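A short reminder: the numbers here are calculations on the coordinates, not readings from a lab. Since this is a predicted model, take the numbers as computed values, not measurements. Virtual Cβ from ideal backbone geometry, glycine too; neighbours counted across all protein chains shown.
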Amino acid sequence: MRSARAFAAAVLSLLVVATVARADEPKQGGIFRIYHRDSPANASIHEAATYSVNVPFMPVFNNLVIYDQSKPQNSMDDILPELAESWSWNEDRTALTFKLRQGIKWHDGKPFTSADVKCTFDMLMGKSPQKFRQNPRKAWYEEVSEVTTSGDFEASFKLKRPQPSLLALLASGYTPIYPCHVSPAEMRTHPIGTGPFKFVEFKANESIKLTRNPDYWKKGLPHLDGIEFTIIPNRSTAILAFVAGKFDMTFPTEVSIPLLKDVKAQAPNAVCVVEPTNVNTNIIVNSSSPPFDNLDIRRAMALALDRKAFISIMFEGQGDIGGTMLPAPAGLWSMPKEMLEQIPGYGPDVNANREEARKLMREAGYGPDKHLSVKVSTRNIPVYRDPAVILIDQLKTIYIDAELEVVETANWFSKVARKDYALGLNLTGNAVDDPDQAFYENYACGSERNYTNYCNKDIEKLFDAQSVETDLDKRKKLVWEIDKKLQEDVARPIIFHSRTGTCWQPYVKGITVMVNSSYNGYRYENVWLDK
Amino acid sequence: MFAYIVRRLVLMLLTLLGISIVIFVLLRIVPGNIVDILFDAAGMVDPADKADLQRQLGLDQPIALQYLHWIGGLLQGDLGYSYVSEKPALQEIFPRIPITARLAAFALLFSASFGIPLGVLSAVYQGSRLDYALRVVSLSGLSLPSFWLGLLILMASVAMFGSIPIFNPDPKTFGEMFATYCLPSLAVGFRSSALTMRITRSSMLEVLRQDYIRTARAKGASNTSVNFHHALKNAILPVITVVGIEAAFLIGGLIVTETVFNIPGIARFLVEAIRWRDYPIVQNLVMFIALVVVSANFIVDMLYAVFDPRIRYS
């Protein structure tokens, strides 16, 4: 009797294990429906400067290498080969060679070869007769002197000097390989890739449709039959449609904290995560003309910031305080807390900081009877406007009467370029959690994105020193030192690093929201629908 | 009559020519063009590339030359290419017209079919509870912004039916068709129906006090005959004027409604095109809307003669 029971129990356990195993096994098929927050200008990732393009079109492509799509944190240790089978550095780290996979075909049936790799990077470096209409990441490849090929399945990047970060840049969602035989103009309207999904159609302001690539070189992938993005710019409508079950997922990292509460209240089964986006809100200061040509006034302004108040008001406490680099634990390069708190304005005692700020203001000739009047300019978008209003309120505590000036997006960048502002409230997104991308792009002398024209030759030497450093610990220390100096110089005071939400229906499996970039995690080849 | 129609048509052409110049110049006075938007947003760009794109799009040419190029193409049916999608403007605009036209037609139909009968009822039963109730409804119609009403409809739909009536390009059932067009039409046509109701009411009240109405009643005509045959026919002219004007103003409401209900019509497309400074799309769409408006006005004028035989154009 006892043995019969034991046998029955054993059979039952085996059945349970088998059922659980089957439940975890990805199911094939289904259309993955996501709403898109706006209508992208075109379908070409290389010509884009917004993740509105990466999200729908990254599934069409492959990179040479890619950040592991199942790991939330992008790091050098989690870079996987994609179109490349393997890679190797030469001894002095000035050449990075990739062995390419064979037998891969573009969606139009033509074979993928090393010529496509060379073509892609020649176009990115501006060396090709074919040109992109815009090429926002040309500067990423400043240190690459040339890309050479050896046969059909080997490509090498020759560098002017060692740059370990190159691999990180190549692993970004912003670095797909394009086919040589398709013009940039065609890639803007009908992209051809080697990726898990084929492009079907893009109707501006309406929808983007992708279908499964049955010949995908990763056997058994993707699990989905297709992906459909419905373009819904109105956030309220989009969220209501998600709650009503019209969509399987919200647009990634687009649900604000207050909206997230609504979603959870109306769709309690929805899976929602709140993660950092590696987008920081900062102040751009026109230091080339009065009053902010005075370093003391700039310092006073930085001391007046109550960063916690910004985070409490805007994100109900779910934000991060840091320097240029994304704070830990999501960020890999942020300085330790004790180092951060040594920087003026980052100390925990806000009242003491502001007292010091008022002292600096008095020394500059301002006080309770003589306030400084300035305008805070920003784009006419809530994520810009809201912190600008809080900033204006905080500046009042140090004798600065600021007035909000909202500017249409079309005029914002030209206004900044003309230096037609005193203070500006700005957002800076980093595609890769890497110091090379953040420092050169935003703080290097002459960089177009260095809106404030901050230029410090000593710090630039440190930029280069960290960039060539191959020892990770040594490089981190250099990065901390640079970040600290940038904040002390009030180059572009960082107010906070935002966090936002992403929600999906419980039957959606295989989603990974990346925590240190909003640009790299949308291949969607491992996503499946459990229904 | 023929001479009048010819004069009106010439005037329409002159109006359209004036609008084409105004919209063309205004678009170029507004700071920033597509090249500025694309390049400034991307940052890290070569000014030579920027100048090259400006040259490719013909934005480096004098404004007068650009205008002649556009208007010459328009007269030959060539609307140019969208700067953003790089597709022919006609290909971008044409599929969206039926969507907005259907929505506008439904909204006008809703406006007239509710506004006119309820206005008549309100006038006939002046001072009654029904009159007060209808006046409150019409006031609320004038006070509720269409975007708010649209959002309320969406929220109520999710709360009550667990579904949301956002645009379905291929409605398969009557319910889907109803949700796709009728609910947005209701949101946009509610204000218009309220206005129509109020105009119908006041016009009817004026007519109902006329001697010939009293005479008709004295002759034993039924209430329905008096109200709808004798009174409404004479009271309808101001209502036609208002419906005609509303048809022109509908585009404003449609922009909001198309956004809230996510309908890919020309109104929302126009806003997007303005945002991107997509000149070929904006210019041609504005011209199309202008053509609709002047045509609506022309039709309204012609309808006067149909409804009131005393009116003769010469």
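Taken about its Cα centre, region B:233-314 carries a charge dipole of about 160 debye when Lys and Arg each add +1 at the Cβ and Asp and Glu each add -1 at the Cβ. Using the empirical formula 2.2 N^0.38 Å as the baseline, the Cα radius of gyration of region A:223-279 reaches a ratio of 1.16. Other residues lying with their Cβ under 12 Å from the Cβ of residue A:505 contribute a combined charge of +2, Lys and Arg counting +1, Asp and Glu -1. The H on the amide N of residue A:27, modeled in the peptide plane, is under 5 Å from the matching H of A:529, each at least 5 residues off or on a different chain. Amide H to amide H, which residues 5 or more places from residue A:407 or on other chains are under 5 Å from it, using H placed in the peptide plane? Distant-sequence amide H within range of residue A:407: A:378, A:379, A:380. In a simple Cβ point-charge model (Lys, Arg +1; Asp, Glu -1; nothing else charged), chain A has a dipole of about 1020 debye relative to its Cα centre. For a paramagnetic label modelled on residue A:92 (point 7 Å from Cα along Cα→Cβ), amide N atoms under 13 Å away belong, within region A:142-175, to A:159-163. Does anyone have the angle between helix A:114-124 and the longest principal axis of chain A? Alpha-carbon axes, 0 to 90°, nearest 10? Value to nearest ten degrees: 20. Remark: B:132, A:35, A:346 ranked as B:132, A:346, A:35, counting other beta-carbon atoms within 10 Å and listing the fewest first.
Between the beta carbons of residue B:15 and residue A:474, assuming R0 = 60 Å, the FRET efficiency works out to 0.25 to the nearest 0.05.
Each peptide among B:208-214, B:231-237 gets the average number of other Cβ atoms lying within 10 Å of its residues, and from highest to lowest they stand as B:231-237, B:208-214. Within the shell of other residues whose beta carbon sits under 11 angstrom from the beta carbon of residue A:354, the net charge comes to -1, with Lys and Arg scored +1 and Asp and Glu -1.
Other protein chain C-beta atoms within 10 Å of residue C-beta, averaged over B:155-167: 4. Charges on Cβ only, +1 for Lys and Arg, -1 for Asp and Glu, centred on the Cα centroid of chain B; of B:262, B:204, B:167, which one is farthest towards the dipole's positive end? It is B:204, whose Cα lies furthest towards the positive end. Cross-link pairs exceeding 18 Å between alpha carbons, from the set A:209/A:246; A:457/A:484; A:127/A:158; A:99/A:198: A:99/A:198. State whether chain B is rounded, prolate or oblate according to the following rule on the C-alpha gyration tensor (a ≥ b ≥ c being the square roots of its eigenvalues): a/c under 1.5 gives rounded; otherwise a/b larger than b/c gives prolate, and the remaining case gives oblate. Note, shape of chain B comes out oblate.
I'd like the mean, over residues of A:502-514, of how many other protein chain beta carbons sit within 10 Å of each residue's own Cβ. Counting other chains' Cβ atoms within 10 Å and averaging over A:502-514 gives 0. With all projection directions averaged, the alpha carbon convex hull of region B:209-258 covers 4.6 nm². Here region A:426-526 is assigned +1 on the Cβ of each Lys and Arg and -1 on the Cβ of each Asp and Glu. Its dipole about the Cα centre then comes out at about 360 debye.
The orientation-averaged projection of the convex hull spanning the C-alpha atoms of region B:1-126 amounts to 13.8 square nanometres. Listed from fewest to most Cβ neighbours within 10 Å, the set A:190, A:36 follows the order A:190, A:36.
Checking the cross-link pairs A:110/A:138; A:203/A:375; A:219/A:476; A:261/A:359; A:105/A:131 against a 31 Å limit on the alpha carbon distance flags A:203/A:375; A:219/A:476; A:261/A:359 as lying beyond it.
Seen from residue B:298, the other residues with C-beta closer than 15 Å to its C-beta sum to a net charge of +1, counting Lys and Arg as +1 and Asp and Glu as -1. Computed over region B:73-217, the range of Cα coordinates on each principal axis works out to 65, 48, 28 Å, biggest value leading.
Over all pairs of different C-alpha atoms in the protein assembly as shown, the reciprocal of the mean inverse distance, the Kirkwood hydrodynamic radius, equals 30.6 Å. Over all directions, the projected convex hull of the C-alpha atoms in region A:391-531 averages 12.8 nm² in area. Note on residue B:8/residue B:308: beta-carbon distance plugged into 1/(1 + (r/R0)^6) with R0 of 30 Å gives a FRET efficiency of 0.95.
On the beta carbon distance between residue B:144 and residue B:109, with R0 = 25 Å, the FRET formula returns roughly 0.80. Summed over all non-identical Cα pairs, the Kirkwood treatment of region A:49-150 gives a radius of 15.5 Å. Extents of region A:31-75, largest first, come to 30, 25, 18 Å (Cα atoms, principal axes, whole angstrom). Close amide H pairs (under 5 Å, H built 1.01 Å from N) link residue A:198 with A:211, A:212, A:213, residues at least 5 positions away or on another chain. Partnerless cysteines in the protein assembly as shown, where a partner means another cysteine C-beta under 4.7 angstrom, comprise B:182.
In this rough spin-label picture, where each label sits 7 Å from Cα along the Cβ direction, the residue A:342-residue A:189 distance is 5.8 nm. Restricting the calculation to Cα atoms, region A:299-432 yields a radius of gyration followed by a Dmax of 15.8, 47 Å.
Centre-to-centre, using Cα atoms only, region B:1-69 and region A:381-429 are separated by 31 Å.
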